[in-house]
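This report concerns only the one structure given below.
Since every read-out is calculated from the coordinates, none of them should be taken as a lab result. If you're wondering where the values come from, they're calculated on a predicted model, not measured in any experiment. A quick note on method: Cβ atoms are made from the backbone with ideal geometry, for glycine too, and the neighbour counts reach across all protein chains shown.
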Amino acid sequence: MIIKIENGVPRHPLWRMAEPINLEIKRGEQIAIVGDNASGKSRLVEVLTGHYPLLLNEVHYDFYPSTLRLVSENLKYISFRDSYGEQDGTYYYQQRWNQHDIADDAPTVGESLPLPLQKKEEWMRLFAPLLERLGDATLLSLSSGELRKFQIAKALATNPRVLILDNPFIGLDAPTRKDFRDLLETLTRETDLLVILVLSKRDDIPDFITHVLPVESLRLLPKMTLSEYRKQYSAMPRPLLSEEIKNWIAGLPVRNLNESDFYPAKGGEILRFRNVSIKYGNRTILQPLDWTVHEGERWSLSGPNGSGKSTLLSLVCADNPQAYACDIELFGHRRGTGESIWEIKRHIGYVSPEMHRAYQKDIPAIDVVASGLSDSVGLYVRPRPEQKQVCLDWMHVFGIDDVAERSFLQLSSGEQRLCLLARAFVKDPELLILDEPLHGLDDRNRELVRQIIMQFCLRPRKTLVMVTHYQEELPACITHHLRLH
C-alpha cells in the first residue's frame, strides 16, 4: 500500500464527494483518475494530497523506500492551473508580449530548474531540447506548451515518490506527447515512482497505466484494471448538438457591416501579413511570414510548441505592441493608421491558454461571459438586462447556465474553459480566434464544442482561425491550413 483512505469525508461541506471515499493504491500500480468535467476528479486529488483535511480519519501514506518524511517532499502535484505558471498576483493577460514589463532579473528556464535534472540521463531526451533552446528565456516568455514542459521537468527533477499530473498532455505537440509518455513509462518501470494521471480525455490514458479510478457525479467508483475500463467505456455514444441549439445559432441576426464599422466589403480581406517577423532580443519567435485570410475562410493553425502560433494570434488580436512595427492589415486597415484596438476587438471573439491563465477572477461566471461584450479581462461595466439574457443564452449553448451565479474560481477547469468559450461567442463576432479552445474538456464537451464551432461558422460572414495539437478536434468546416515550423 502507498496511499489508503477509509470512509474519507472532507471537513468542509464544499469539498465533499457525494459518498465517503474508500481507496487503496498498492505498490506497482500506476493510476489514471478519469471522469467528465465537474465529476469530482480535482476534489479527489485534493484529498489524496492532504489539501482537503478529513473529518474523522486521515489519509495513510507509505512512501518506502523514500527516506523523506514529509508528504510535500514525497508527493508532487501539478494542477491544471499550475501548468500555466505560478500566480503571483502581478501577471496580466498581455504580459508575455510586453517584454519591457518583465524585470531584468526575472528567472530564466535554466536558473529555475533544480540541478538534479542535469544528472538524470533518462530525462534529458525530453528536456535537453528545452534547456538548449530556452535555457536563457524567461519563464514569462514561454508558450503555453513550453511552460507545461518546464513545469513537468521541474516536478520530475525533485525525484518524487508520487507524481500527480492534471491533464499533462494537453498543449503538447504530438512528438512531445509521445516522448513524455515514453519517459513516464521508463521511470515507472525502472524506479519506484508512482504516477497518477488526472485525465478528461479517455484516449490520453497511456498503456503503462495499470488501474483506472472512474469518477462520476462526485462519486468514486470501484478501481478497475485498464483493460476492464477500456472494455466498459470503448463504445461511448457520440453526442449530438440538439436541434434547439442548432436552430438558435442559425437564427441569430446577420449584422449589416460596412466600411464605417471598420470592416471590409463582403468577401474582402480580413487580415493580411506582409513579411511579418517577431524577435525578442536575440530570440526569433516568428520567422518572416506572408499570410492572407479572406472573409468566410476557416483556417487551422498548427506547429510544434514554441513555433510562434500564439504570438501570431496576438498580432491579430491587437494584444502585441510589435504589431505597429509590422506590415499588417486587419479588416482592410493598416495597423498604426489611427485605429483603436477596440475597433479591432469588437469584431473578434478570442480564447487562449494565456487568457485562462490571466482570468483567475473571483466573480460570478456570468460576469466572465459578459466581459466579452466589452473585451475586458474582468467586468468593468455591468451588463444591461438584455445583455445579461444574451450571456445566459450562450451559457445555455455551452451547457453551463446552471453555474451562472457561482464564482469562476469555484468551477472546475473544464467549466472555466466553457465560460471562456461562451465569452468568445457572446458578441456574435465576425472573426473567431480559438487558441487550443478544448483544453481540459471531457470527451462529450469536446465533441459538442466542436459542433458548436462548426454550426456558428456556417453562418454568413464568419471567419475562423483555430489552433490545436489534436487534428481530430478540428471541425469539418476547415477550408485552409497554415503550419509554422
Q) Under 16 Å from the 7 Å Cα→Cβ point of E24, by amide nitrogen: which residues of the stretch 179-209? A) none
Q) Mean separation of Cα pairs under 8 Å and 6+ residues apart, divided by the residue count of the stretch 243-483: what relative contact order is that in percent? A) 25 percent
Q: Can you tell me the dipole magnitude for the chain around its Cα centre, using point charges on the Cβ only (Lys, Arg +1; Asp, Glu -1), in Debye to the nearest 20?
A: 360 debye
Q | Unit charges on C-beta of K, R, D, E only; dipole of the stretch 243-483, Debye | A | 480 debye
Q) Which percent, to the nearest 5, of DSSP beta bridges fully inside the chain are antiparallel? A) 45 percent
(Q) Counting each pair of different Cα atoms once, what's the Kirkwood radius of the stretch 259-377 in Å, rounded to one decimal? (A) 15.7 Å
Q | Surface/4 of the Cα convex hull for the stretch 315-464, nm² | A | 9.1 nm²
(Q) What does the extension gain come out to for K361 and R406, with contour length at 0.36 nm per residue minus their alpha carbon separation? (A) 15.0 nm
Q.
If I model a spin label at T67 and Y280 as a point 7 Å from the Cα along the Cα→Cβ vector, what separation in nanometres do I get?
A. 4.2 nm
Q) With a sphere of radius 12 Å drawn around the Cβ of V254, what net charge do the other residues whose Cβ falls strictly inside it have (Lys, Arg +1; Asp, Glu -1)? A) +3
Q. When a footprinting reagent is the concern and you count Cβ atoms within 10 Å, what order do Y64, Y263 take, fewest first?
A. Y64, Y263
Q: Which order do the peptides 11-18, 195-202 take when ranked by the mean count of other beta-carbon atoms within 10 Å per residue, highest first?
A: 195-202, 11-18
Q: Go through K41/K246; K76/K223; K41/K309; K76/K361; K41/K388; K279/K361 and tell me which ones have a Cα-Cα distance over 24 Å in this structure.
A: K41/K246; K41/K309; K76/K361; K41/K388; K279/K361
Q) By per-residue mean of other Cβ atoms within 10 Å, what is the highest-first order of 22-34, 308-320? A) 308-320, 22-34
Q. If one computes the Cα centroid of the stretch 179-203 and of the stretch 13-30, what distance in Å separates the two points?
A. 20 Å
Q) Using the Cβ atoms and a cut-off under 13 Å, what net charge is assigned to the surroundings of A325, where Lys and Arg are +1 and Asp and Glu are -1? A) +3
Q) Can you give me the relative contact order of the chain as a percent, contacts being Cα pairs under 8 Å and 6 or more apart? A) 18 percent
